[in-house]
Every structure is written in C-alpha cells, then in structure tokens.
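**Q** Structure below; questions to follow.
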Amino acid sequence: MGTGAACVHFEEILNAELLFLTGTNSTDAHPIVAQKISRALDRGCKLIVADPRRIAFADRANVYLPLRPGSNVPLLNGIAHVIVREGLYNKEFVENYVDNFEAYQHYILSEWDLGRVSRYTGIKPYLIEQAAIMYATSKRALILWGLGLSEHRSGSYGAMAAANLATLCGFWGKPGCGAMPLRGQNNVQGACDMGGLPYVLPGYQSYKDDGVRMRFKEVWKEDLPVVDGKTLPTMLRDALAGKFKALYAMGYDVAMSHGNLGEVWRALSNLEFLVVQDIFMPLSGKYAHVVLPSACVYEKSGTYTNGERRVQFFEKAVNPPGDAKPDWLIITELARKLGFSWNYTSSSEVALEIGKVWQGWGGINHSRLKERGIQWPCLDEDHPGTSILFTTGFPKGKVHLALAKHVPPLEEPNEAFTFTLVTVRNLEHYNIGSMTRRSSSLLNLYPEPLVDINPDDAERLGILEGAKVRVWNNRGEVFYRARLDKRVPKGLVFTDFHFVDALTNLLVSPGLDELMETPEYKVSVVNIEPV
Amino acid sequence: MIRVRINDRELNANPGDLLLEIARREGIYIPSLCYLKNGSVPEKPCGLCVVKVAGEGIVRSCSYKVEREIEVSTEDPEVNAIRKKILEGLVSNHYGDCKAPCHTPCPGGLNIQGYIGFIAKGDFKASLALIKERLPLPASVGRVCPRFCEPVCRRALVDEAVAINNLKRFVADYCMENGELPLEVPPLNGKKVAIVGGGPAGLSAAYFLRLEGFEVTIFDREKEAGGLLRYGIPAFKLPKDVVKKEVEGILNLGVEFQGGKIWGRDFSLKDLKEAGYGAVLLAIGARKEKLYGFEGEGLAESALKFLLDFGRGEVDNKAYTKKRIGILGCSYTAIELARVLRRLDCEVEVIYPRSRTEVSVPLREIGYAEREGVKFTYVTAPLKLIKGGGFHLTLAKTTLSEKRELKILPETAFEREYDLVFRAWGELPSDEFKAFGDIEAKLELNPDGTIKINSQTMQTSEPWIFAAGDFVHGAKTVIQAVASGRRAANMIASYLESKPFERAAVTVKFDFSRGKRAEEFDSNFLDLFVPSERMHLKEREPVERVRDFEEVLIGFTEEEAFKEANRCLKCGCLGIHKCDFREILIKEDVGVAKSRKKMKYAIQKDHPLIEVDSNKCVACSKCVRSCPYSAIFFSVVNKGTPQEVITFRFTEACVNCGACVDVCPTGALTKKELLIPYSRNQSKPVKSVCTFCGVGCNLTVWVKNGTILEVTGRDLPPNRGYTCVKGRFGWEFYKSKDRLTQPLLRKSINDDFRAVSWEEALDYVAENLLKIRDKYGPEALGFLCSARTSNEENFLMQKLARTIFKTNNVDCPARV
Ligand SMILES: Cc1cc2nc3c(=O)[nH]c(=O)nc-3n(C[C@H](O)[C@H](O)[C@H](O)COP(=O)(O)OP(=O)(O)OC[C@H]3O[C@@H](n4cnc5c(N)ncnc54)[C@H](O)[C@@H]3O)c2cc1C
Ligand code: SF4
Ligand code: SF4
Ligand code: SF4
Ligand code: FES
C-alpha cells in the first residue's frame, strides 16, 4: 500500500470467494488475468462488476453496477456506507490494525448516504446494498481495479476508497484477499519501482529522509537533490510558461500518449532541447533535436517487473538493427560523456547495484532469474521473494483509512457536447500501437481505428455500422469507423489511442488527478456525427 | 513416499502421482498424444501411454495414480504391440507431406520451402541466412545450378514449378547489395586444417570449419580462389565479381588463402603434417580429360585447358576469332566453350554421339547456346581427325543397340572441315598425385583410379586425410561439390575433436507424402490452389549478348521475387517442429508407407491466424481441452478406423490467442505467419517476457540464424504457457523497416534530421543538457523513464537525472 503495487499475485484470483472488478475490462487489457477470473467463476466464485460499459464479465456478475463515468468514489464510498451502517466490517481487524476509523466512520455515514450516491452514480440503492453485503459477508474477497478507476480527477481517491473496503473487512495479508491495481503496461511497475517518479528514489524511498540519502551516497558517491521533482504534467505546464527547457524522453512518446495533446505539442515545441530515445520514430520526434535509436526487448537482456511485483528476466535473442543500442548502454555512454566514470558492461551489473540501494531487491540478480521470476521484496540471496504482502503486519504499523474525497470530472456532457468519450484498449493492440501496428498478424486483425457507440444513439444520428464518423470537441477532431455495440450505454462513446491517424488523445480532457496528475482519459465531452 | 520400479529403475513417488508424470520426471520414455497436465481427460483417449503393471496388466499411465509399491514395464512386447496397432491406425488416416518434395533431391539439402517462405514474408536477409546454413556460395549456385529440385516441385502439377533457383539468386544478389545478417564467428580453437584446392568443395569446407573455430588454410595452384567458378565457368553465366565477392565473404571470416601453391610441386602431404595441420582435405577437382577414343583424337585441342587459360586471361583472342569450330562432346565444358567462341564471332558446331534428350547438362543450357547461334549435331560420332591447313573430321551417325549401347553406323560416314576442333567429353579426377610423396603413395585408389574414401566419414585410407568434391566423385556440379565439402568439414571437426562421426539418421521411412507420382496424386488437393504464372528471368537479346561477356540473365526484381515466392504451395508440414506424432513413429519404428493418399478434409484457411488441416489431425482433442475460451467445436466419430470423420470449427468465442496451435502435436493446426519448416533442436529457445501489458507473460522466442521464427508461451507463472494474441503473434515489429537504426540530429526543429555517429550525437546531447543546466538551473531539465524499457535502464535514467544533473524531475508513464 502506498507503492501502487499489487499486494498479492494473480494466482490469488483463484483463491478468492468473491471478486470485485471495477474499472477494468481485463478481457481486453489483461487477458491472462481474465482467464484466471473466468476459471475462478467456473469454480463458483462470486462476482461484482462496476463499469459504465456492459463488459463481457458483467454478463457473469452476481451484481452489475453500471455507474456513470467518474463516479467511482461515490460508488465505493456508498458501499462502505452500507458496510459501516450495517456493522458488517471486521471489528477485530479494525480494532487491532486500523487507524483513523472514527473519523472515517463519521465521514462515510454523514456524507455518503445512498441517496446521494445514487444521484452521482445513477445506480439504484438496493443494488449497492446487495453488492456491499455480498462483499462484506464473503470470506475472501479480492478487488481488482484498472485504469477505469485511476484515470480520473479523483483517480487516487478512487484507489483509496477501494483499498478502504478491503481494510474495513480485514481482507489483507490472506490468500484470495486484497485490493489489486492492474498495472497497464508491461514495465510500468518496474519504472516506478526504479524511482522513475519525481517523489521517490528507487524502492519508494524518500529523498527527504537523511538516512536514505546517506545510504544512496555510499553506493553512488554523489549527493542527491532534495528539491521536489516535477511530474510530467508540471514539466509541460512549466515548458509552456517558459520555465522548463530540456527534456530527455526514453521510450515514452509523450506527443502521442499524453492526454490533451494539443497543449502537449505546444509545450514540446517550446522546449530548447528535446532528446527522444526509441525503437521507432515517435510522434515526439517532430519536436526533437536528437533522436537516439535503441534496441528492443528481443535485442538485449534485462528484467521487467509485472503487475504482481514479479521481476522477470528476458534474454537477448537477436542483434539490434544498424547502430541501435540497448538503452542502458546509451545512458552509460552519455554519463561518460558528461564526465562520470560509469562503467557498466552489462545490465546484470546494474541489477546488482539496484539491490545495494534498495533492500527489496537485495536478493535479486540475473543469475537467480534465469529459470523463473521473483516477486519483490526479496531481501537476500536465500529469500524466495514475497507473493503476498502484509501477511505479518503493515509497514507503518497500522492501515490508515483515508477519507476518499470525490472530485467530479472536469467535464460533464452539456448542450454543446452531448457525448462522453472514454478511452480504452483493445485486445489486438497496445497503447500507442507503435509495435502492434507493425506486427502484421495483429494489424490484420484490427487494421483501423474504431469508435464504439450505442446502437440507439447511432440510429438517432444516422450512423451505420462501419460508417466513417467524426468525433470532435473544442480541442480537435478525429475520424473513426463506427462500431455499434449495445454494451455501450447511451451517451457514451468508447475508443482507443492505438492509431497515428486517429489521435484520440487530442480530444482528451485537460483534467488531472488531483494527487497524481494522471490525465482524465476516461471522461471528455465530445460530439459525434457521420461524415 | 512410495517406491516404484519402472523397468530396472527404483524410483520414489508420492501417493497419487500419475505414473506418466513419474516416468517423465525421470526421463523414462512413454509415448503419449493426448495427455495434458491440466487434468482434463479426452473423451476418446489415445491409448499410447499404456504400460504393464505387474499383477494388474496393461494400464494407461496417464490416468494411473500410484497408490502402492508397483513394478512397471514400459517396453513389454504386449505393450509394444498395442502401441503399434494404434499408430498404424493413425498412419492410415494421415494425409500430408512431412517434408516438401523439393527438399529430397537437393544435394545441398537446402530448406527450400523455408527460404522461399522468408521471401514471401519480405525478409530477404533471413532467407539468405537460411540458405547459407548449408550453402556458402548462393549467388554462384543461384546462377549455375542444374536445379535438381524444380522437376519435382509440386507446383508443376498445378501449372509450372516454382522458380526455386532464381529465388535463391535473388536473395543472394539482394544481400550483396544490402548486406547480410551478421554471423557469429567463434574464436580460433587452436586446431589447424589444410585444404588443398579452393573450388566450391574446398571453400565450403573452409567456411564450415571456420565457423566451428578451426584455423583453416587453403592451398591452390591458381592465383585466386574459386576453382571452376572462377576459372572454368564463363563470366556471361557467372560474373567474375560475383564469384569474387562470394569468395571474399568466406575468406574474410578469417580463412587463409595461399594462391599459386601447387600440391606435388610446392608441397607434399608430409610437409603439411610437419607444419602442424591436424587434418587435410583434398579437393582439387577433376582435371583429367575424358577421351572418346578415335583416330587422331590427340590432334584436337583440350576444351578444358582452353577455358582455364581463358579464365586466367592467357588466351590470345585473335587466334580464335571468326573461326569455324567443331566441339566434340556435350559436357558443361563443351557448351561453355561454344558460347565463349560465339562471343569471338566463331561459327560453332557441337557434335554429340547421343540424342538431345541424353545430354548430361540441363536442356535449358543448350537453349541459351542455340539462341546464341551454336549449332548442335546429335547422334553423330567422330571417326577420324586429320590435320592439314585446317582440320578434316570424319563423322558418322549412331544408333542404340538392343542393349542400349551406342553403335556407330559406318555406312553413314561424312566429312567436315573446321579451322579448329576441340575435345570436350568431360573430366575425371586424376591419380597423378600418387607420385607426389610418401604419404600420397600410400593413399588407396578405387578400381577406376579415383581416390578411395569411406563414404560415411569422407576419410581416405589415411584417417587424417579427407577428400571431397569432383576430386572424389568426378565431374559433377557445384552444389554437389558444396555438399561434399560441408560433409567433409563436419567429419573433420568430429575427427579433430575426437567425437564420434555423426551418422545422419535415415528417416525417409517416416516421411509422410501426399504422393510422389503425378498419376497417383489426389487432384482434389491440387484444386485448392489457383493457377498463377511463373516468373521468368529476363534474357538479354542473343544478337546483343554475343557481343560481350556481360551476364545473360537478369535477376528478379523484389516484386517479381515476392510474387514468385507466393506461388509456393508450402508443401512441407509447417508443424514438423512440434510433431510428437512423428517422433513417436520413429521411436516405435512404425513406417508410414500405408498412409492415406486421398484428401479427406479441405484445408481451412478462414481463421485469421491459424490454418487447420484435419487430414493431419490425430484426434487427441488437446486443442479443445487447452482453449481457455471453449472456442473450438470438435467431434470425431469412428476414431482410429478408416471411417473416421473429424469435424473441427472455431467458434465466435475465439480470441486468437494461439494456445491451441502450440499444443497441437501434429501439423493439423499451424500458425499462418510461420512459413519456415524448422526443427526445434536446430533453433535456440530464448527466454523472454512479453513487452505489452502488465501481466508480463513468460515467452519462449525461437531463434535461428539471428532471426525470430515464432513465439510460444512458457510454462511459468503468471501465464503458465498461455498468452493473449499479442504475446504469440505480436513480435514482428522488431523487423519493421521503420526501425530507427542511426542517431539523428538537428540544430533546430525546423531543419531536417541528419544521421550522425553515436560520438557526435552523445557529445551534442551532453553539451546541450549541461548548457541548459548551467543557464537555467537543474529545475529546467526533465528525464522520462519508460514502461517498455528494463528495470536496469529505468534505474540508470533516474540515476543520471539525480546524480549528474541533481534534479528529481524524473517521471514515467505511470499515468498512461
Ligand atoms: C566449364 C564448366 C562449366 C560448368 N558449369 C557448371 C554449371 O553450370 N553448373 C554446375 O553445377 N556445375 C558446373 N560445372 C561443374 C562444377 O564447376 C564442378 O563440379 C565444381 O566446380 C567442382 O568443385 P570442386 O571444388 O570439387 O573442384 P574445382 O572447382 O575443380 O576446384 C578445384 C581446385 O583445386 C585446385 N587445384 C587443382 N590441382 C591442384 C594442385 N595440385 N595443387 C593445388 N591446387 C590444385 C584448382 O586450381 C581449383 O581451384 C562446370 C564445370 C566446367 C568445367
Ligand atoms: S511448391 Fe514450394 S514447397 Fe512445394 S515443392 Fe515446390 S518449392 Fe517446394
Ligand atoms: S486461438 Fe485461443 S481462443 Fe482461439 S481456439 Fe485457439 S486456444 Fe481457443
Ligand atoms: S501476452 Fe497478452 S496477456 Fe500476456 S503480457 Fe503480453 S499482452 Fe499481456
Ligand atoms: S491415453 Fe494416455 S496419453 Fe493419450
């Protein structure tokens, strides 16, 4: 908790007696997780699904909660309301392991009565009651959430509200229990673990802590900065304001993947110096001064960490094309150009250094990973890794019940823009699609951008299956083919951002998560019309 | 723990363990086609896993749980008989080609279907690498090969054979222009090999020996390497620069070439031994002229000598210009000579005692010569040659006796006048080497005077001396010399490393075939293919080409090659690498002669990624039981009988994950994207992790010659062998032409990018980042990590930001 990492492993899905899916269509976005969910359901596991779209798993749910986009916090707090009101929470656990219960109880009971919840979410109170009772009375319940929960202005609060449910019921540190974020991309977990964040050092250690800085200094022989780092959205804002001048982006096509692209582009073109390092020319290349060619996964060795903290080794299979080099080598050579005597000759040497600055990786090295992965924390060479967190207690002594606040989406459908656009992923492609579009088998399966719309809406607007449509708002316009899908509720449209000729992110709202600054990819107002 | 005795081994097992699992764990062979670890049971088990348990009799080991101490026999006669019967039933229902028809006759054993498959995928470099696994002279062979393969190409039954050799030439030429995939050249292992003769045989041996780490020196009488490629075959057929580049490619791997060194004059085998060569390969070709045996034959000039001199540039062209020429014989030497002389404006007649259909060179070659104006006179033999001012040749017609022996008809004798007459009956290896030294004298000969070798090991009567190429088998072809050289290299390597000589396992008995002869072939199968015209090489106009020595045939364009490659019917099974069925047949020694010769099920191609050929289905139902989405409709009636009927269909539920293909133990289910027949033990399984979603599926990437062939799921958590469609089918991007391959730089975003060296690019990056830091402070800089790069790389990126630039402005795509 607090690390954005899953407390359990995917296999625990099979041990749960109840699964609660919210904001995750794993059928498309995490297919192997979906397989495990299916298997659990086949064995009789109960299911609650909260999702605006009637996703495939909704058909198998005991309770399906079709909430309005952006109303996750009200829904989860509503469920908590029932649990607290009915006294269904785990009193023993709360007494021993939880702090802030009094304040939380007051907040939930006074602010989140079901009437209010129902107004926000559009869901009948009895359904919320059913869900709450089913959840709280099960023996082992696991909440899985995805970007559908996080990509909102209240994304972080949503995660807190979900975790609070598990805390209330004492669903921590036991098989088949917990609250698990499904990390989107293959090594987003690793990028965060490695300190690829402005607030923390590798292993989520704080650079504000003198002891921590000392420990790093012993290994790195350098003093560390203590000034707060900037998130990417802040960097971009500062670039627009002329205060931020140079960006070095490795394997991250900001100009395609970020929300509200128009503003991103303006920010990038305002930089004095932009370096991009990638396997394909990214859209950001348009604003770059230097483009560095890097090796892809098959052309180098290293580790990735999946969404269950499993550090996995991948081995070099083939040579990189032309002069392309592995990213670690490029950075190492750059450091040397900058006058620092970095002398890594392989990624496995880097792995050993990670273990020196972060105890969670203390026992992780490439030779141990040749056969199978290890889940951090793995304290030393003999430690088997940790599949379930918190079996013996919590890092800070007690679990804190945070007061999850509701921040409504920045945009609401109005007279001018009557539809809400939600971005999602499809099975056949991944994110900006730079790799999947260039794999012929996948491209053949899904060759062009589609937007999903409710058939009634489509009929009203004269949109036929497969017709070209224009989706637009104040920020831009994008063209797709329409796919009529009765799983999509009226008033919503769903699409992806896999294609260069359909830059969905142009349309995405400028809203940012209040705490984490994640763009509000899930709620943007648009109009749609046939062309 | 329970003690279990299998055959003669005592093993420990836990109560409840499956007998089959225990045996597998211990590496004890029990065949099985239908067992799956996931506990599912087929409706109709394959029954192959039977074993005998003492006191209980025959049991199926895949469902037998060990509960007490038992004694098991896996190789009992009764057990074997049961397996055999089941296998025979499966064989009689199987219709397919394990290997493509074109593969068998190729002396080089090239993976033809595979290299054509790579061309069809547009991956020309990988195609060449596959060829070069067995043939290091593809551009030469691609021009001169008589094409053993094309006459048996299955496509000929539909319309016309695939232009196999022209495709080989195409990829070889393409890579000469555009570069090849790099080879891994190992460091020298300290063992030295001498090769006498740098023709195709010697060069090929050198290539393969060097790639095994041996230090190789080639000694050759000529100044340059290449043998007859360089000095015998004329440039209009095989341009000298093509040979030169190809030879250089081999020598540049670190093979020493000593030209102008004649065995028998400059050195003997003893000298080589003393110089520390642990093994010698003799590959000096066939240089002794065959004679026909008629009066005055000695007066004729030697065609071979002329060609060799011509190749060396030692012929005075004027002496041969505008002459009337008679050439005796219709060997390669005869035809090449004829065509050379046409280019010197001679009038050329080739005289051959037999008929046109009996010539030993491909008719195609005769066609080129005819179009250039060479006259051919068949069924005519020389009787007598007299030299006066010119040459006076007496000839007579021939016929065949009842025993098909050649008979001259003296009554038909007639006379001809020529300015010059050449003998060109072909070449034989010479035995003059016997006189070159003591060791040479000991080398044994065959009755016909050729050197005696052990055909398995390629050793002469002296175990450290090997022989290959035309020197051994007489004048044949380049590809045969290459194959012989490659074989010799393998043998020499085993010899020097004191390893047993490997014997190629003969598996023809187990090769299913849809039919060999056209008459027996099921036309229903051929009807599955649409006719499409064969691409032909452009041939320069004869009147124009006889004026120079430039190449006559013009290679395919990319587009033509691509079209031609797509004509290939992909005959050979594209599931052979995963075929357990074949393995079991080989192990149980069940031949496949009685296989079905009629197609029963049309090949289903409607699934976007998977091809279904139920003619190869063994009805194990593993696909059905592995599919996590219950997306296969499958039924089988009368299983194992001639009346068997299989129904297979993908349902709407299929999400294209490919689990079913990987688990299918035959070629019934294959991946459409995999066009290369390969064997798993000749490719490298590389552990990998999927680069897409956060599940992080474990994958095995199958690599051969530096190219990925396919990706399969790996049986580890979290995915346990399963993947989604991206994991198995989303890997081709790495080959995309869009890959960035060079650092690019520009001063302003309004300029165009310029490709620069890493040196320049990194200097520029360093300089600008420092400049901006110094001017605006560290807070003006930012560094982004990636969700695609490794932990190690992300770690270094943030370390760079924090320790060098002293900023915490680090972020990653955690918000995307
Ligand atoms: C004119 C002609 C045209 C042909 N056309 C074709 C064709 O179109 N297609 C085809 O497939 N095949 C063709 N062939 C046959 C083909 O060239 C040979 O089968 C092939 O070259 C044999 O290779 P090799 O390495 O065994 O011998 P060679 O190519 O003969 O090489 C032998 C090498 O040994 C060297 N050598 C010989 N004696 C000594 C010595 N005492 N000391 C040191 N070095 C020595 C020679 O200089 C030569 O470099 C043709 C042959 C001829 C003569
Ligand atoms: S069609 Fe293709 S695979 Fe079949 S014999 Fe011809 S070249 Fe070989
Ligand atoms: S591809 Fe996957 S989903 Fe489709 S039938 Fe095969 S195993 Fe099932
Ligand atoms: S194979 Fe599919 S499910 Fe597995 S990691 Fe890749 S994208 Fe995710
Ligand atoms: S019946 Fe045992 S493996 Fe098929």
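Residues are listed down the side, and each one gets a yes or a no for (1) within 14 Å of chain A (Cβ to nearest Cβ); (2) near ligand 5 (Cβ under 9 Å from one of its atoms):
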position: B:D8; (1), (2): no, no
position: B:S32; (1), (2): no, yes
position: B:G39; (1), (2): yes, no
position: B:E43; (1), (2): no, no
position: B:V50; (1), (2): no, yes
position: B:R60; (1), (2): no, yes
position: B:K65; (1), (2): no, no
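**Q** Let me ask something else. Pairs under 6 Å by beta carbon, first residue at positive phi in the range B:372-401, partner surrounded by 15 or more Cβ atoms within 10 Å (Cβ to Cβ), six or more apart or different chains?
**A** These pairs meet every condition: B:G373/B:R342; B:V379/B:K397; B:V379/B:T398.
**Q** Residues of the range B:571-594 being closer than 28 Å to B:E673 by Cβ, out of contact with any Asp or Glu (no Cβ under 9 Å at 6 or more places or on another chain) and either within 16 Å of ligand 2 (Cβ to nearest atom) or not β-branched (V, I, T) (or both), which ones?
**A** Those that are closer than 28 Å to B:E673 by Cβ, out of contact with any Asp or Glu (no Cβ under 9 Å at 6 or more places or on another chain) and either within 16 Å of ligand 2 (Cβ to nearest atom) or not β-branched (V, I, T) (or both): B:I576, B:C579, B:D580, B:F581, B:E583, B:L585.
**Q** Can you tell me how many residues within the range B:771-816 are within 7 Å of chain A (Cβ to nearest Cβ), in a helix (DSSP H, G or I) and among the aliphatic types (A, V, I, L, M)?
**A** 7
**Q** So B:F733 passes all but one of these: (1) more than 11 Å from ligand 4 (Cβ to nearest atom); (2) more than 19 Å from A:S440 (Cβ to Cβ). Which condition number does it fail?
**A** Against the list (1) more than 11 Å from ligand 4 (Cβ to nearest atom); (2) more than 19 Å from A:S440 (Cβ to Cβ), B:F733 comes up short only on (2).
**Q** Would you kindly identify the strands (runs of 3 or more DSSP E) lying entirely within the range B:577-663 that contain at least 3 residues that are surrounded by fewer than 19 Cβ atoms within 10 Å (Cβ to Cβ)?
**A** Ranges flagged: B:632-637, B:645-650.
**Q** In addition: Can you find a residue in the range A:212-219 that is assigned to a loop (DSSP other than H, G, I, E, B) and farther than 19 Å from B:Y776 by Cβ?
**A** There is no residue in the range A:212-219 that is assigned to a loop (DSSP other than H, G, I, E, B) and farther than 19 Å from B:Y776 by Cβ.
**Q** Inspect all residues belonging to the range A:238-252 and state whether any of them is outside any loop (DSSP other than H, G, I, E, B), without any contact (Cβ under 8 Å) to a residue 12 or more places away in the chain and not hydroxyl-bearing (S, T, Y).
**A** yes
**Q** Looking only at the range A:123-181, which residues are in a helix (DSSP H, G or I), over 29 Å from A:G511 (Cβ atoms) and among the small types (G, A, S)?
**A** A:A136
**Q** I've got another one for you. Mind telling me which of the residues B:P182, B:P138, B:P186, B:P151 ends up being crowded, with 18+ Cβ neighbours inside 10 Å and either more than 30 Å from B:V546 (Cα to Cα) or away from ligand 3 (no atom under 16 Å from the Cβ) (or both)?
**A** Step by step, each of B:P182, B:P138, B:P186, B:P151 is checked, and only B:P138 is crowded, with 18+ Cβ neighbours inside 10 Å and either more than 30 Å from B:V546 (Cα to Cα) or away from ligand 3 (no atom under 16 Å from the Cβ) (or both).
**Q** What are the residues in the range B:196-229 that are over 24 Å from the mean Cα position of the chain (by Cα), of a type outside the set (A, V, I, L, M) and either outside any loop (DSSP other than H, G, I, E, B) or within 17 Å of B:V552 (Cα to Cα) (or both), if any?
**A** Listed by number, the residues that qualify are B:E215, B:T217, B:F219.
**Q** Inside the range B:692-732, can you point out the residues that are basic (K, R) and more than 7 Å from every other protein chain (Cβ to nearest Cβ)?
**A** Hits for the range B:692-732 are B:K704, B:R714, B:R720, B:R728.
**Q** Can you find even one residue in the range A:20-40 that is within 14 Å of another protein chain (Cβ to nearest Cβ), closer than 23 Å to A:G491 by Cα and free of Cβ contacts under 8 Å to residues at least 12 places away in the same chain?
**A** So far as the range A:20-40 goes, no, none of its residues is within 14 Å of another protein chain (Cβ to nearest Cβ), closer than 23 Å to A:G491 by Cα and free of Cβ contacts under 8 Å to residues at least 12 places away in the same chain.
**Q** Are there any pairs with C-beta distances below 6 angstrom linking a residue in the range B:146-162 that is within 26 Å of B:S331 (Cα to Cα) to a residue that is among the small types (G, A, S) and more than 16 Å from ligand 4 (Cβ to nearest atom), with the two at least 6 apart or on different chains, and if so which?
**A** B:E150/B:A161; B:C153/B:A161
**Q** Select from the range A:283-301 the residues that are surrounded by fewer than 24 Cβ atoms within 10 Å (Cβ to Cβ) and touching a residue at least 40 places away in the same chain (Cβ under 8 Å) and write down the one among them that is nearest to the other protein chains (Cβ to nearest Cβ).
**A** A:S301
**Q** Restricting to the range B:591-628, and then to whatever is within 16 Å of ligand 5 (Cβ to nearest atom) and more than 14 Å from every other protein chain (Cβ to nearest Cβ), can you tell me which residue is nearest to the chain's Cα centre (by Cα)?
**A** Among residues in the range B:591-628 that are within 16 Å of ligand 5 (Cβ to nearest atom) and more than 14 Å from every other protein chain (Cβ to nearest Cβ), the one nearest to the chain's Cα centre (by Cα) is B:C617.
**Q** Then there is this: For the range A:254-267, enumerate the residues that are surrounded by 24 or more Cβ atoms within 10 Å (Cβ to Cβ) and either basic (K, R) or within 9 Å of chain B (Cβ to nearest Cβ) (or both).
**A** Passing the criteria: A:V254, A:S257, A:H258, A:G259.
**Q** Continuing with this model, one more query. Under 6 Å between Cβ atoms, which residue pairs at least 6 apart in sequence (or on different chains) link something in the range B:1-26 that is loosely packed, with under 13 Cβ neighbours inside 10 Å with a partner that is polar (S, T, N, Q)?
**A** B:M1/B:N12
**Q** Given the options B:F310, B:F236, B:F294, B:F257, name the one that is at pLDDT below 95 and either more than 16 Å from ligand 4 (Cβ to nearest atom) or aromatic (F, W, Y) (or both).
**A** From the options B:F310, B:F236, B:F294, B:F257, the qualifying one is B:F294.
**Q** Picking from B:G122, B:G142, which residue would you name as being within 30 Å of B:M535 (Cβ to Cβ) and away from ligand 2 (no atom under 16 Å from the Cβ)?
**A** B:G122
**Q** Please work out which residue is farthest from A:E517 (Cα to Cα), limiting yourself to the range A:217-237 and to residues that are more than 7 Å from chain B (Cβ to nearest Cβ) and in contact (Cβ under 8 Å) with a residue 40 or more places away in the chain.
**A** A:V219
**Q** Checking B:T557 against (1) loosely packed, with under 14 Cβ neighbours inside 10 Å; (2) touching a residue at least 60 places away in the same chain (Cβ under 8 Å), which single condition isn't satisfied?
**A** Only one criterion in (1) loosely packed, with under 14 Cβ neighbours inside 10 Å; (2) touching a residue at least 60 places away in the same chain (Cβ under 8 Å) is unmet by B:T557, namely (2).
**Q** Could you grab me the full set of residues in the range A:171-217 that are within 17 Å of A:V350 (Cβ to Cβ) and more than 17 Å from the chain's Cα centre (by Cα)?
**A** A:L201, A:P202, A:G203, A:F216
**Q** Answer yes if at least one residue in the range A:197-204 is closer than 19 Å to A:K356 by Cα, touching a Gly at 6+ places or on another chain (Cβ under 8 Å) and crowded, with 24+ Cβ neighbours inside 10 Å, and no otherwise.
**A** yes
**Q** Could you identify the single residue in A:L114, A:L127, A:L147 that is on the phi < 0 side of the Ramachandran plot and either in contact with a strand residue (DSSP E or B) (Cβ under 8 Å, 6 or more places away or on another chain) or surrounded by fewer than 17 Cβ atoms within 10 Å (Cβ to Cβ) (or both)?
**A** Exactly one residue qualifies, and that residue is A:L127.
**Q** Between a residue in the range B:656-671 that is within 13 Å of another protein chain (Cβ to nearest Cβ) and closer than 9 Å to B:D613 by Cβ and any residue that is among the hydroxyl-bearing types (S, T, Y) and more than 6 Å from ligand 3 (Cβ to nearest atom), which pairs come within a Cβ distance under 7 Å, given they are 6 or more apart or on different chains?
**A** Within 7 Å, no pair qualifies.
**Q** While we're looking at this one, here's another question. Might you check whether a residue that is crowded, with 18+ Cβ neighbours inside 10 Å, under 26 Å from B:E541 (Cβ atoms) and at pLDDT 95 or above occurs anywhere in the range B:298-307?
**A** Yes - at least one qualifying residue is present in the range B:298-307.
**Q** Considering only the range B:270-279, I want to know if a residue exists there that is assigned to a helix (DSSP H, G or I), within 30 Å of B:K538 (Cα to Cα) and at pLDDT 95 or above.
**A** Looking through the range B:270-279, none of the residues is assigned to a helix (DSSP H, G or I), within 30 Å of B:K538 (Cα to Cα) and at pLDDT 95 or above.
The values are calculated or read from the model by the stated rules, or taken from the named source; none is laboratory data. Treat the numbers as computed from the prediction; the structure is a model and nothing was measured. Counting neighbours? That spans all protein chains shown, and the Cβs are built from the backbone with ideal geometry, glycine included.
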